[in-house]
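Each remark here refers to the structure printed beneath this line.
The values are calculated or read from the model by the stated rules, or taken from the named source; none is laboratory data. Since the model is a prediction, treat every value here as computed from it, not as a measurement. FYI the Cβ positions are ideal-geometry reconstructions off the backbone, even for glycines, and counts take in every protein chain you see. Areas reflect the complete protein model, heavy atoms only, side chains present, ligands, DNA and RNA absent. Shrake-Rupley method; radii C 1.70, N 1.55, O 1.52, S 1.80 Å.
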Amino acid sequence: MTASHLLVPVPIPDRVAALIGSCIPPHILAAEFDAECAAREVRRFRGPRLGIEDQADREQALSELARANKTLAAHHPLLAVRPGSSW
């Protein structure tokens with residue numbers, strides 16, 4: 001019996017990724033890319049003491065993430081990206 005937390009992620013070959021990407025509408029792919037970038041930005045600005053500019057940047061990244069997630073969730077609810085997720 002294997003535990004799911006012990007599984008090692010296997011990279012997808014480029015041709016398989018291209019085939020999967022060709023089946024998804026371009027605006028969904030763009031929203032997925034935007035959501036991943038925004039989630040990465042949100043993770044950068046963590047901590048109890050953020051400056052005013054850092055707080056503004058974090059809020060901007062959160063709004064971009066929400067905008068991209070709205071598009072993704074309209075296509076499929078499980079596509080939404082969370083700031084703390086590893087995907």
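Within the range 39-87, being open to solvent by 70 Å² or more (accessible area, probe 1.4 Å), modelled with pLDDT of 85 or more and of a type in the set (S, T, N, Q) holds for Q55, Q60. In the range 16-34, the residues that are open to solvent by less than 60 Å² (accessible area, probe 1.4 Å) reach residues that are aliphatic (A, V, I, L, M) with C-beta atoms within less than 8 angstrom, at least six apart or across chains, in these pairs: G21/L29; I28/L72; I28/L79; A31/A68; A31/L72.
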